[in-house]
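Only one structure is covered here, and it is reproduced in the block below.
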Amino acid sequence: MKKGLVFLFLSLAAIPDAQDLSLYEKKFFSYNKFTLPYRILYPPSVSEKKYPLLVFLHGAYEKGNDNESQLDIGGRYFLREENRKNFPAVVVFPQCPGNDLWADFETTTDSSTGQVIGISFPFHRQPTIVTATLKKLIDSLVSTGMIDPARIYIGGLSQGGMGVLDMIARYPQTFAGAFSICGGGDVSTSKLFAGKVALWLFHGEKDDVIPPLFSQQFYNRLLKLNADVRYTGYPGVLHNSWTNAFAEKDLLPWLFSKAKNQ
């Protein structure tokens, strides 16, 4: 292949990513003196009908206020042509600031090595500031009349997966379905959303950051509560189990099949 053609091919190959991510419009939402950056993707062709809303919560490394990093993992997944065609929805990627959390958690460290040896998840009466603001944003989007209130979904990974489990426990009346990738939370909160929110848990069985036991405990507890729950563990996979989860052909069909009884 001639050098000119090679250069042209590489240039054209680099363009779609930039164009694709720009389809997520940059927005900001303020509540109680806090401003939440978020990106929003609308269906390819908008009609008068109401659309599902899907909120995705990023992990720790995508925190900040640039309103860009939160798209690093998952942003392109929801831009895939087949996903936008088969599952038209309004997709929102909020961004958590560096000094806040989607859900509170506490770590215990070894005093001699400084390594984390334990994680606990206190479920406080009040949500974190960013989570409270996100709930208000969801309410605001529903009030536009564009969103189907029976089909609101939430997903996330790592700290975002923790946020998913926290939010469906706090607002089980809001969400029809959810998925948590390598997350964790207070298992006792299962009773707050069992039978109200369908949940699919994903975890790498060799995860050395957030133990897979956290997802497994939720799964086992929810099974006992006769909840609509699924668990998929990936043998040999470390913390980056989102790669496997996004390769699941049934993820979006399963998620978008869930709806609240009206």
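Here are the numbers for the structure shown:
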quantity: Of residues in segment 207-247 being farther than 27 Å from Ser188 by Cα and exposed (fewer than 15 other Cβ atoms within 10 Å of the Cβ), the one nearest to the chain's Cα centre (by Cα); calculated: Thr243
quantity: Those residues of segment 188-206 which are polar (S, T, N, Q) and under 20 Å from the mean Cα position of the chain (by Cα), in sequence order; calculated: Thr189, Ser190
quantity: For Ile119: the one exception among (1) loosely packed, with under 12 Cβ neighbours inside 10 Å; (2) modelled with pLDDT under 95; calculated: (1)
quantity: Some residue of segment 139-151 being among the hydrophobic types (A, V, I, L, M, F, W, C), closer than 21 Å to Ile40 by Cβ and under 14 Å from the mean Cα position of the chain (by Cα); calculated: no
quantity: Single residue of segment 1-48 satisfying the filter (outside any helix (DSSP H, G or I) and more than 30 Å from Leu157 (Cα to Cα)) that is modelled with the highest pLDDT; calculated: Ser47
quantity: Segment 165-181 residues that are more than 20 Å from Gly59 (Cβ to Cβ), paired with ones that are among the basic types (Lys, Arg) and buried (at least 21 other Cβ atoms within 10 Å of the Cβ) (beta carbon under 8 Å, 6 or more apart); calculated: Ala176/Arg151
quantity: Ile129 vs. criteria more than 30 Å from Trp254 (Cβ to Cβ), among the hydrophobic types (A, V, I, L, M, F, W, C) and in contact with an Asp or Glu (Cβ under 7 Å, 6 or more places away or on another chain); calculated: yes
quantity: Strands (runs of 3 or more DSSP E) within segment 154-244 that include 2 or more residues of a type outside the set (Val, Ile, Thr), closer than 18 Å to Trp102 by Cβ and in contact with a strand residue (DSSP E or B) (Cβ under 9 Å, 6 or more places away or on another chain); calculated: 177-181, 198-204
quantity: In segment 122-131, the residues that are surrounded by 16 or more Cβ atoms within 10 Å (Cβ to Cβ), touching a residue at least 40 places away in the same chain (Cβ under 8 Å) and over 16 Å from the mean Cα position of the chain (by Cα); calculated: Phe123, Pro127, Ile129
quantity: Filtered residue count, segment 49-79, keeping only those that are in contact with a helix residue (DSSP H, G or I) (Cβ under 9 Å, 6 or more places away or on another chain) and part of a loop (DSSP other than H, G, I, E, B); calculated: 13
quantity: Any hit, segment 87-107, residues being under 22 Å from Tyr31 (Cα atoms) and in contact with a Cys (Cβ under 9 Å, 6 or more places away or on another chain); calculated: yes
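The values are calculated or read from the model by the stated rules, or taken from the named source; none is laboratory data. Note that the structure is predicted; figures quoted are calculated from it, not measured. Cβ: placed from backbone, ideal geometry, glycine included. Neighbour counts: every protein chain shown.
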